[in-house]
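Quick notes on the structure that follows.
Readers should treat all values here as calculations from the given coordinates under stated rules, not as data from a laboratory. Everything numeric in this text was worked out from a predicted model, so none of it was measured. Here the Cβ is made from the backbone with ideal geometry for all residues, glycine too, and neighbour counts use every protein chain on show.
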Amino acid sequence: MLRFLSRRLLLAIPTLFGVLVVVFLLLYVAPGDPVMAMVGERADEATIERLRRELRLDEPLYVQFGHYVSGIARGDLGRSYITRRPIVRDIAERFPKTLQLAGAAMLLATLLGVTIGVLTARRPGGWLDRVALGGAYLGISFPVYWVGLLLILVFAVMLHWLPPSGYGSAPYLVLPALALGMRSIAFLARMTRSSMLEALGSDFVRTARAKGLRERVVVVRHALRTALIPVITVLGLDFGAYLTGSVLTETIFSWPGIGRYVVNAIARRDLPAIQGTVLFLSVVFVLVNLLTDLAYAKADPRVAYE
């Protein structure tokens, strides 16, 4: 297992360095002048030159990159052009809210998706199977912003059961978590159904039934445990996507997470905030993938020795 972990960590190093270079070059690839975005078009030349010196934009590119890397090594992602606050502080305030939303969406997706997949696999071709497969196709096809607006219309505007947007107690979390996890519910249901059908038709399940074990024990302890191995990969990838790609959901539901922070930074042309957030989310995604690989190797020890 230690060798497996070492290989994964070594593969992550060039990925993160590539992200670091691309994120740094965002400042120069993006159209417009960041200094002019800060001070406006009516600023005098003296103010513009002073800001260029403060931001080190008058130095050669390789020198700026060296300062950028040294700052990241110290845990300094820079300061926002707009708020002048450290970006690390902004991320520390907003990322727990995104983590809360992603965790709730993942919990819903796991419970509903796996349960639907198991139930439909036990009665393939039945009415529940046909309804669930149709719902899964619709869930995968609908974009998240459309699902979010539909949920607000039905449960907030028409039924008045849940608040339409904002951040607060548990009722505020239901609609954004459901909108974010809808595609995963549909995909996990299909994935679990397919894996369960394969597991239920295997020799070890027939042997367990021949021994006289109860059907619930056969399904849960034997078939489901084997069927969950490919599902773990889907869960890890989806959770990483929730943490790094919940921009639309947080914007629609006014959720004060890191996705909405990125949207506001883009709207204000706050390039250091964009750079720091993208780099942080890239590290998070790599770490989630690493944990997924470890969970997969734990569930199937053969993977660790490949």
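In this rough spin-label picture, where each label sits 7 Å from Cα along the Cβ direction, the R225-L290 distance is 3.0 nm. When the chain is described by a simple charge dipole with +1 on each Lys and Arg Cβ and -1 on each Asp and Glu Cβ, the residue from T98, L11, T233 located farthest towards its positive end is T233. Our summary gives the range 147-306 a relative contact order of 23 percent, counting only alpha carbon pairs under 8 angstrom and 6 or more residues apart. The charge dipole of the chain, taken about its Cα centre with unit charges on the Cβ atoms of Lys, Arg (+1), Asp and Glu (-1) only, comes to about 1340 debye.
Each Lys and Arg adds +1 at its Cβ and each Asp and Glu adds -1 at its Cβ; summed about the Cα centre, the range 160-306 shows a dipole of about 520 debye.
Normalising the average separation of contacting C-alpha pairs (under 8 angstrom, six or more residues apart) by the number of residues puts the relative contact order of the chain at 26 percent.
Of the DSSP H helices in the chain, those with a Cα length along their own long axis of 15 Å or more and a mean Kyte-Doolittle hydropathy reaching -1.0 comprise 2-29, 61-73, 87-122, 127-141, 171-200, 225-244, 271-299. Comparing V35, L150, L25 along the charge dipole axis of the chain, the residue lying farthest to the positive side is L150, per the Cβ-charge model.
Proximity of backbone amide H atoms, modeled 1.01 Å from N, is registered between R79 and I87 at under 5 Å, excluding neighbours fewer than 5 places apart on the same chain. Just so you know, the Cα atoms of the chain work out to an Rg and Dmax of 24.0, 87 Å. In the chain, which longest range has no trypsin sites (Lys or Arg not before Pro) that are both DSSP loop (not H, G, I, E or B) and surrounded by at most 10 other Cβ atoms within 10 Å? Here the longest segment lacking exposed loop sites spans 85-210.
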